[in-house]
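> My questions will all concern the structure given below.
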Amino acid sequence: MTKINLLLTAVALAALAGCSKTDTYTPPETASGEDIFYANCTKCHKPETGAVMSLSSSMMNKDAIIQKVQKGSMGMPSFPNIKGEPAQRLAEFVLKNSKPK
């Protein structure tokens, strides 16, 4: 039983380490929020019926979304090159098309 637990722990840590990398994607300056979302976010975030995401109340503002995108967290990679107007457009798209948790 202990060997199985150790194996599962090792696999989980490896998966988390692989997901928490930095992604160097840089959107074109004129990219829409929708374009950025579907080019990158849908690799991990699968749109739900009637919404692209479900957001917690703490994530229901543009600044929180932009910070999460740029810094990443836990299993989400950081996207430090999504900044300025493209980051604003991405955050607006996510807010407009998401539902609260």
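> Need one number: nm distance between label points at Ser54 and Ser73, each 7 Å from Cα along Cα→Cβ, rounded to one decimal.
1.7
> P(r) for the stretch 32-78: what percent of alpha-carbon pairs falls in each 5 Å bin, starting at zero?
With a bin width of 5 Å, the distribution comes to 5, 18, 26, 37, 12, 1.
> Which length gain, in nm to one decimal place, applies between Asn61 and Asp35 when the Cα-Cα distance is subtracted from 0.36 nm times their residue separation?
7.4 nm
Values in this text are rule-based calculations from the coordinates and carry no lab data. Since we're looking at a predicted model, the values are computed, not measured. Quick reminder, even Gly has a Cβ in these numbers, built from the backbone with ideal geometry, and neighbours come from all protein chains shown.
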